[in-house]
Amino acid sequence: MTTLQNERVKRGLKMKVAVIGCGFFAMNQLHAWKDIDGVEVVALCDRDPDRLAIASALFDSVATFTDAAEMFAVGEFDVVDIATTVQSHRPLVEMAAAHDVHVICQKPFALNIDDARAMVDAVATTGKTLMIHENFRWQSAVRRVIDEVRSGIIGTPFFGRVSFRSGYDVYAGQPYLAEGERFIIEDLGIHILDIARALFGDAKCITATTRRINPAIKGEDVATMLLEHEGGATSVVDCSYATRRFPETFPETVIEVDGELGTIRLDAGYQMSIQIGEAVTTHDLNPPVLPWASKPWHNIQESVRIIQQHFVDSLANGVEPETSGRDNLQTFGLVEAAYLSARDKRTVTMAEL
Ligand code: NAD
Ligand code: 89V
């Protein structure tokens, strides 16, 4: 725990959080902060005054800023939660480091791996914590599978498939997703690759193919990736926003893991089955719909509260959050390596990055 954090806990004070970016997704982060004991959102920043007004209406009292530098100059907070899109992540993380606060930064971490490394270094020199808001591994159903695999119940895993296929109109809520040269690996695949890492450990290499099916968008909306993990498992990570099917499963991730002793499946509808030998157990892992959440986003919304609680707990216990900036260099590295693989039509080793 840092000196500041120690002092606050000793004095029974709340952890003060400032949030930069009050757009589409930040509303979930703001609701989640309100739910977490010992936390107080004290400042909001968005360069769009309309977004700032919508977000500040959630609070009885909160300082508002349209310029992040002005917010940092006023200070008086322990943590900055950066919920902007990727273009501003590096300058804002570096600004946070210059002002000696803990940092949470939304995914995708950065525009490229050099920026991501520089951001990790900038916060490391302050001794503060940097966590990437990589929430999919914290969805309760996904987490249950991760915990079961880590418990060793199916023995050492040798194969996995982590799959996200949907035809949901993500462009309506997030128009920028249709406009980037990169789309599905950077935006969604990053989560699915991170789940593969949580299940099977770091990867040695990756082979990827990409397609664009929807002619109205700029980037790829289909990606199929094959990973060799350092522990010996092989995984297939496949993602699509061009898959029309009923029932539509957005935003569920389905998972298969084969281990030496058995198998675990997380199927559509949040149904998990575990088979050890001939014995099969089934488990309904439907997540709750939090009071401020709505279907079909409720599993993601729940994971936002869980990851933010994990951040608070990690600070209180003086431990690195699971998806720290340092850890997320591996997930972000897989994104970079997947694009390189698809472009050059070859397997890319992580050591090349
Ligand atoms: P958005 O465009 O709706 O919101 C971003 C907000 O940040 C905007 O209101 C914009 O005005 C503001 N902003 C941008 N740069 C700024 C700056 N320098 N200073 C102050 N304000 C600034 O985007 P969004 O859909 O909310 O996405 C934000 C981030 O969240 C993205 O990185 C996206 O990938 C991520 N996201 C994550 C999930 C998830 O489940 N983890 C889901 C959706 C989006
Ligand atoms: O989770 C995300 O990052 C979102 C979405 C689920 C639409 O891909 O952008």
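The values are calculated or read from the model by the stated rules, or taken from the named source; none is laboratory data. Every value quoted in this text rests on a predicted model; they were computed, and no experiment measured them. Methodologically, a virtual Cβ is constructed for each residue, glycine included, from the backbone with ideal geometry; neighbour enumeration extends over all protein chains shown.
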Seminar exercise, completed: Log entry, pairs with first residue in segment 109-129 being among the polar types (S, T, N, Q), second being surrounded by fewer than 23 Cβ atoms within 10 Å (Cβ to Cβ), beta carbons closer than 6 Å, six or more apart or on different chains, reads Thr126/Ala97; Thr126/Asp100
For this session: Go through (1) touching a Gly at 6+ places or on another chain (Cβ under 9 Å); (2) assigned to a helix (DSSP H, G or I); (3) not β-branched (Val, Ile, Thr) one by one and return the number of the condition Asp81 breaks.
Result: (2)
Problem set entry | Residue that is farthest from Pro247 (Cα to Cα) [pool: residues in segment 259-287 that are of a type in the set (A, V, I, L, M) and free of Cβ contacts under 8 Å to residues at least 60 places away in the same chain] | Ala279
Exercise. Residue check: is Met95 aliphatic (A, V, I, L, M), assigned to a helix (DSSP H, G or I), within 14 Å of ligand 1 (Cβ to nearest atom) and surrounded by 20 or more Cβ atoms within 10 Å (Cβ to Cβ)?
Worked result: yes
Problem set entry | Leading residue by the ranking (nearest to ligand 1 (Cβ to nearest atom)) among those in segment 175-197 that are surrounded by fewer than 23 Cβ atoms within 10 Å (Cβ to Cβ) and more than 21 Å from Asn112 (Cβ to Cβ) | Pro175
For this session: For residues that are of a type in the set (Val, Ile, Thr) and within 15 Å of Met131 (Cβ to Cβ), scanning just segment 21-47, find the one that is surrounded by the fewest Cβ atoms within 10 Å (Cβ to Cβ).
Result: Ile36
Seminar exercise, completed: Of the residues in segment 99-111, those that are within 15 Å of ligand 1 (Cβ to nearest atom) and surrounded by fewer than 20 Cβ atoms within 10 Å (Cβ to Cβ) come to His99, Leu111
Seminar exercise, completed: Of the candidates Val145, Val103, the one satisfying the condition of being assigned to a helix (DSSP H, G or I) and in contact with a helix residue (DSSP H, G or I) (Cβ under 9 Å, 6 or more places away or on another chain) is Val145
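Residue by residue, here is whether (1) modelled with pLDDT of 95 or more; (2) out of contact with any Cys (no Cβ under 8 Å at 6 or more places or on another chain); (3) within 29 Å of Ile195 (Cβ to Cβ); (4) hydroxyl-bearing (Ser, Thr, Tyr) holds:
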| position | (1), (2), (3), (4) |
| --- | --- |
| Arg11 | no, yes, no, no |
| Asp37 | yes, yes, yes, no |
| Ala68 | yes, no, no, no |
| Val74 | yes, yes, no, no |
| Ser88 | yes, yes, yes, yes |
| Ile104 | yes, yes, yes, no |
| Pro108 | yes, yes, yes, no |
Exercise. Which condition number in (1) within 16 Å of ligand 2 (Cβ to nearest atom); (2) assigned to a loop (DSSP other than H, G, I, E, B) is the one that Ile190 fails?
Worked result: (2)
